[in-house]
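> Quick one: the structure is below, questions incoming.
All of the numbers you see were taken from the coordinates with simple rules; none came from a lab. Small disclaimer: the values here were computed from a predicted structure and weren't measured. Cβ placement follows ideal geometry from the backbone for every residue including glycine, while neighbour counts extend to all protein chains displayed.
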Amino acid sequence: MRRIRTEKDLKQGVSALVGSCAHMARVHALSGDPPLRRRPMGFEGLSRVIVGQQLSVASANAIWARLEVRVQPFSAASLLAVPEAEMRAAGLSAVKTATLRRLAEAIGSGDLDLDALSDAPETAIHERLTEIKGIGPWTADIYVLFCLGRPDAWSPGDLALQHAVREALGLDERRKLSNQRSETPRQGVHIARLDIL
């Protein structure tokens, strides 16, 4: 399975998109190549996505840094050994603390195997991850896009993406994007491009 892992992978995808889509060519001419935004696969990567839900990048990074100090090494078992009060002291909300604990419990019990899930179809990944209370479609989308590096990933519920599409296409109002998975090859690079408008 092809993945976006390196700057070269990203540049190849951008080149293909710019060559096949006038909107993407115009956006690329204005802003250049997007940054490569990857997170680790597995528990750590998915935990980072959960911590970042509905937060600015700066806030999420600050909370993550405080949490990472408390959870050493960063694993499901280590996280479960940290008292909830310590997690809350790192800046996590009660809801995110509970979500991270449920995720760690699912991994610890063997109910969830993120390594095995990494090669599954995107719909199967979504179904499995969203079974865990606190992990919704956006979190699953971002995990597939930035942690698994799927070139066809799509995050239709992402508000910033919806606004970027509106701007890129010169629309008067934001449109709700399709929830269809794997709509076109290299869609993940499309998202990365539109995300920085």
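> Just need a number here: residues in segment 32-75 that are more than 19 Å from Ala94 (Cα to Cα) and among the β-branched types (Val, Ile, Thr).
1
> Something else about it: For segment 101-120, enumerate the residues that are loosely packed, with under 12 Cβ neighbours inside 10 Å and in contact (Cβ under 8 Å) with a residue 40 or more places away in the chain.
Asp115, Asp119, listed by residue number.
> Report, by residue number, each residue of segment 94-117 that is charged (D, E, K, R) and under 15 Å from Gly45 (Cβ atoms).
Those that are charged (D, E, K, R) and under 15 Å from Gly45 (Cβ atoms): Asp113, Asp115.
> Inspect all residues belonging to segment 87-100 and state whether any of them is within 30 Å of Arg2 (Cα to Cα) and surrounded by fewer than 21 Cβ atoms within 10 Å (Cβ to Cβ).
Among the residues of segment 87-100, not one is within 30 Å of Arg2 (Cα to Cα) and surrounded by fewer than 21 Cβ atoms within 10 Å (Cβ to Cβ), which makes the answer no.
> Another question, then. Given (1) part of a helix (DSSP H, G or I); (2) surrounded by fewer than 20 Cβ atoms within 10 Å (Cβ to Cβ); (3) free of Cβ contacts under 8 Å to residues at least 40 places away in the same chain, where does Arg26 come up short, assuming only one miss?
Every condition holds for Arg26 apart from (3).
> If I filter segment 30-73 down to residues being among the aliphatic types (A, V, I, L, M) and assigned to a loop (DSSP other than H, G, I, E, B), which single residue comes out as nearest to the chain's Cα centre (by Cα)?
Residue satisfying both the conditions and the ranking: Met41.
> Please find, within segment 1-23, the residue that is farthest from Thr99 (Cα to Cα) out of those that are of a type in the set (A, V, I, L, M, F, W, C) and in a loop (DSSP other than H, G, I, E, B).
Restricting to residues being of a type in the set (A, V, I, L, M, F, W, C) and in a loop (DSSP other than H, G, I, E, B), the top hit is Cys21.
> Can you pull out every residue in segment 78-99 that is among the hydrophobic types (A, V, I, L, M, F, W, C), in contact with a helix residue (DSSP H, G or I) (Cβ under 6 Å, 6 or more places away or on another chain) and either in a helix (DSSP H, G or I) or without any contact (Cβ under 8 Å) to a residue 24 or more places away in the chain (or both)?
Within segment 78-99, Leu79, Leu80, Val82, Met87 meet the criteria.
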